[in-house]
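Inspection log for the structure reproduced underneath, given as structure tokens.
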């Protein structure tokens, strides 16, 4: 599900769509998703925003799209030096500046189980999530695997 090559550390300032394109193209070239994934995830983020503020104030987003574009389950972790703007999951209007977010390619068989596990991560491990920018990729994977 999680692999080191899908932990992206972004130094440059990018838009939400640019980041989704970068991750989606990597997934496509690695045989994780089919063509259409990038456009579908960008459109879904516009139609159903995923930016949220967790209980202790951490801003995150969990971008995903229809499983018809997914070949294998994978989750990318993006850690951005410059916040990437996502719209709020609550009202679709407020900007949420995210330094940590996830791009998920989930098959139908595993989608509900994985989303539940991710919700548990956000709810119970927010303090650790906040430390991701200071951690090595290996430390992050040790926590998630």
Residues of the stretch 95-126 classified as modelled with pLDDT of 85 or more and closer than 17 Å to residue 79 by Cα, total: 9
Unmet criterion (only one of (1) modelled with pLDDT under 95; (2) in a strand (DSSP E or B)) for residue 8: (1)
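Quick one: in the stretch 27-56, which of the residues that are assigned to a helix (DSSP H, G or I) and in contact with a helix residue (DSSP H, G or I) (Cβ under 7 Å, 6 or more places away or on another chain) is farthest from residue 96 (Cα to Cα)? Can you show your working first?
Quick first cut of the stretch 27-56, residues assigned to a helix (DSSP H, G or I) only: 27-29, 37-47.
Filter again for in contact with a helix residue (DSSP H, G or I) (Cβ under 7 Å, 6 or more places away or on another chain), leaving 27-28, 37-38, 40-42, 45.
Working: 27: 25, 28: 27, 37: 23, 38: 21, 40: 21, 41: 18, 42: 16, 45: 13 Å.
Among those residues, the one meeting the criterion is 28.
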Unmet criterion (only one of (1) in contact (Cβ under 8 Å) with a residue 40 or more places away in the chain; (2) assigned to a helix (DSSP H, G or I)) for residue 13: (2)
Residue within the stretch 80-89 that is under 13 Å from the mean Cα position of the chain (by Cα), crowded, with 20+ Cβ neighbours inside 10 Å, touching a residue at least 24 places away in the same chain (Cβ under 8 Å) and assigned to a loop (DSSP other than H, G, I, E, B) present: no
Residue in the stretch 57-67 that is modelled with the lowest pLDDT, counting only those that are buried (at least 16 other Cβ atoms within 10 Å of the Cβ) and in a loop (DSSP other than H, G, I, E, B): 58
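The values are calculated or read from the model by the stated rules, or taken from the named source; none is laboratory data. Quick caveat, the model's predicted, so the values are computed rather than measured. Methodologically, a virtual Cβ is constructed for each residue, glycine included, from the backbone with ideal geometry; neighbour enumeration extends over all protein chains shown.
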